[in-house]
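**Q** Below is a structure I'd like to ask you about.
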Amino acid sequence: MTAARKRPSDQDGFFWKTKTLEEMSPTEWESLCDGCGRCCLNKLEEDGTGDIYFTDVSCKMLNACTSGCKDYTNRFDFVPDCVVMTPEKVRTLPWLPPSCGYRLVAQGRDLYWWHPLISGDPNTVHEAGVSVRGRVEGTEEQIPDDELENHIVQWPGQLPKRARLKRRPKV
């Protein structure tokens, strides 16, 4: 029996294809984040099953217009339990969205056309409908924990149709 042939990729040769997650520089590592903001949404875990449910309620530090942190450098001063992405966490966290650049690279997959490393434009994550822009109902400071069940949404665990395209759609 022969091993399955690796599909050719037009991304071969780029650092995320030639280095392990552990070999990346801090700048390379940070650039894997596509800026979607989905990981900054509050999640609920069902007791007993461990199933994870996304909500449309964000961390208080998320800027819902840009999908970025309001103060990334000092975020731990405001949110001490903010998750620091590491190679180990990227490989084990069950709640990373399927579109996550870290997750895709850890799985040996190509980045999507809308990822800023491919498009050269941080706005394509919004154009593709992947970011949280326009989809956050409120922050954790505005919506009480006992109301989070009323804010469960499916979209953070899904990839919009236009985001799945092989190339950027013509305008």
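The values are calculated or read from the model by the stated rules, or taken from the named source; none is laboratory data. Everything numeric in this text was worked out from a predicted model, so none of it was measured. All Cβ positions, even for glycine, are placed from backbone atoms using ideal geometry, and neighbour counts span all protein chains on display.
**Q** Could you pull out the residue among ARG168, ARG133, ARG103 that is closer than 17 Å to CYS36 by Cβ, surrounded by 15 or more Cβ atoms within 10 Å (Cβ to Cβ), in contact with a His (Cβ under 7 Å, 6 or more places away or on another chain) and of a type in the set (Lys, Arg)? So that I can check it myself, show each step before the final result.
**A** Values: ARG168 fails: in contact with a His (Cβ under 7 Å, 6 or more places away or on another chain); ARG103 fails: in contact with a His (Cβ under 7 Å, 6 or more places away or on another chain).
ARG133 is the lone residue from the list that is closer than 17 Å to CYS36 by Cβ, surrounded by 15 or more Cβ atoms within 10 Å (Cβ to Cβ), in contact with a His (Cβ under 7 Å, 6 or more places away or on another chain) and of a type in the set (Lys, Arg).
**Q** Something else: Can you name the condition, by its number, that HIS126 falls short on among (1) under 29 Å from GLU46 (Cβ atoms); (2) in contact (Cβ under 8 Å) with a residue 40 or more places away in the chain; (3) outside any loop (DSSP other than H, G, I, E, B); (4) not aliphatic (A, V, I, L, M)?
**A** Evaluating HIS126 over (1) under 29 Å from GLU46 (Cβ atoms); (2) in contact (Cβ under 8 Å) with a residue 40 or more places away in the chain; (3) outside any loop (DSSP other than H, G, I, E, B); (4) not aliphatic (A, V, I, L, M) leaves (1) as the failure.
**Q** Within the stretch 48-67, track down each residue that is surrounded by 18 or more Cβ atoms within 10 Å (Cβ to Cβ), out of contact with any Phe, Trp or Tyr (no Cβ under 7 Å at 6 or more places or on another chain) and closer than 15 Å to GLY138 by Cα.
**A** Selection gives PHE54, THR55, ASP56, VAL57, SER58, CYS59, LEU62, ALA64, SER67.
**Q** Let me ask you something else. Against the definition (at pLDDT 95 or above and farther than 24 Å from CYS59 by Cα), how does VAL105 come out, yes or no?
**A** It is true that VAL105 is at pLDDT 95 or above and farther than 24 Å from CYS59 by Cα.
**Q** Right, another one. Only residues in the stretch 16-27 that are under 16 Å from CYS100 (Cα atoms) count as the first member; pair them with residues that are of a type in the set (Val, Ile, Thr) and in a helix (DSSP H, G or I), Cβ under 8 angstrom, at least 6 apart or cross-chain, and list the lot.
**A** Going by the 8 Å Cβ cut-off, the qualifying pairs are TRP16/VAL105; LEU21/VAL90; LEU21/VAL105.
**Q** Additional query: Looking only at the stretch 52-81, count every residue that is over 16 Å from the mean Cα position of the chain (by Cα) and of a type in the set (Ser, Thr, Tyr) and tell me the total.
**A** Of the residues in that region, 1 qualify.
**Q** Now, a different point. In the stretch 111-121, what residues are of a type outside the set (A, V, I, L, M, F, W, C) and either modelled with pLDDT under 95 or farther than 18 Å from PRO160 by Cα (or both)?
**A** Residues satisfying the conditions are GLY120, ASP121.
**Q** Taking into account only those residues within the stretch 78-110 that are touching an Asp or Glu at 6+ places or on another chain (Cβ under 8 Å) and without any contact (Cβ under 8 Å) to a residue 40 or more places away in the chain, which is farthest from ALA163 (Cα to Cα)?
**A** Top of the filtered list is PHE78.
**Q** Output the number of residues of the stretch 136-157 satisfying the condition of being in a loop (DSSP other than H, G, I, E, B) and under 14 Å from GLY37 (Cα atoms). Walk me through how you get there before you give the answer.
**A** Residues of the stretch 136-157 that are in a loop (DSSP other than H, G, I, E, B), as a first pass: 136-137, 140-144, 153-154.
If we keep only those that are under 14 Å from GLY37 (Cα atoms) too, we end up with 136-137.
Qualifying residue count for the region: 2.
**Q** Here is a further query. Might you check whether a residue that is of a type in the set (S, T, N, Q), in contact (Cβ under 8 Å) with a residue 24 or more places away in the chain and touching a Gly at 6+ places or on another chain (Cβ under 7 Å) occurs anywhere in the stretch 61-76?
**A** Yes; the residues of the stretch 61-76 include at least one that is of a type in the set (S, T, N, Q), in contact (Cβ under 8 Å) with a residue 24 or more places away in the chain and touching a Gly at 6+ places or on another chain (Cβ under 7 Å).
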